[in-house]
């Protein structure tokens with residue numbers, strides 16, 4: 001499985017958000033998002049005609065977001081069908097609001113207990129003492145990490161985050177034993193995709209996950225499970241969607257209380 005596929009939608013939205021409306025890359029990203037359901041039936045000639053761009057422009061666009069050509073791009077994008085069905089099933093549940101509220105309350109109660117340990121303080125110490133601190137996360141967890149990243153600036157600690165095509169980012173490859181690498185992977189899919197890539201990285205590696213498989217034991221120095229139960233198969237688990245924010249907020253509070261006055 002290509003690591004890049006996990007962040008393909010995020011890459012397309014980044015192109016959409018960061019380019020002017022008339023830019024060819026903006027036009028292509030918008031087109032691919034709007035034609036998601038029929039992408040497998042499109043060919044490069046249709047796209048070139050509809051978007052008023054050349055085939056070479058389409059090829060360059062695909063390469064810019066990590067794919068060799070348009071065919072490779074289509075093959076990867078098609079695999080999001082299962083995710084779409086899962087999201088629709090989750091949002092279509094009966095009594096959605098009431099059920100979601102109950103799930104969030106139960107999640108907060110469990111995380112409140114799981115975070116009430118000295119381990120949180122030890123994690124704060126690792127972040128404080130590390131030369132470089134890097135978060136790797138799929139697009140789902142990027143927002144939570146970004147909030148933590150911004151907050152840590154007020155503590156004079158620069159946190160780096162990579163969520164797209166990180167196998168091409170040199171500084172991740174060159175981390176040393178004095179550095180801290182934190183991976184957030186709710187289902188474990190992101191961790192599985194990056195396992196071989198990270199295995200020999202000398203940085204101290206920590207995984208946050210809902211997956212209780214032992215497949216990651218030989219890669220990470222420490223694994224923090226966000227729940228006592230294996231929730232890796234739950235679509236849009238509240239533990240991942242909301243729990244990550246809670247965990248990082250608590251961690252930030254502990255960090256401020258321990259090191260805030262000394263900055």
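A short reminder: the numbers here are calculations on the coordinates, not readings from a lab. What you see is a predicted model, and the numbers here were worked out from it, not measured in a lab. Note: ideal-geometry Cβ built from the backbone for every residue, glycine included; neighbour counts use all protein chains shown.
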What full-extension length gain, to one decimal in nm, is calculated for residue 55 and residue 212 as 0.36 nm per residue of separation minus the Cα-Cα distance?
52.0 nm
Can you tell me the 0 to 90 degree angle between the C-alpha axis of helix 189-198 and the longest principal axis of the chain, rounded to 10?
80 degrees
Length gain on complete extension for the stretch residue 41 to residue 229, per 0.36 nm per residue less the alpha carbon to alpha carbon distance?
63.6 nm
For the pair residue 64/residue 173, report the inter-label distance in nm, with labels modelled 7 Å from Cα in the Cβ direction.
2.3 nm
For the stretch 108-192, rounded, prolate or oblate, judged on the Cα gyration tensor with a ≥ b ≥ c (square roots of eigenvalues), a/c < 1.5 rounded, else prolate if a/b > b/c?
oblate
Kirkwood-based shape ratio for the chain, expressed as Rg/Rh from alpha carbons
1.00
Residue separation between residue 72 and residue 131 times 0.36 nm, minus their alpha-carbon distance, gives in nm 17.4 nm
Under the helix-only model (-39500 (n - 2.57) for each DSSP H run of 4 or more, divided by the residues of the chain), the mean residue ellipticity at 222 nm, to 500 deg cm²/dmol, is -16000 deg cm²/dmol
Between the Cα axis of helix 139-153 and the main Cα principal axis of the chain, the angle (0 to 90°, nearest 10) is 50 degrees
For the stretch 152-211 versus the stretch 51-78, the gap between their alpha-carbon centres in whole angstrom
27 Å
What number results when the radius of gyration of the stretch 3-82, computed over Cα atoms, is divided by 2.2 N^0.38 Å?
0.98
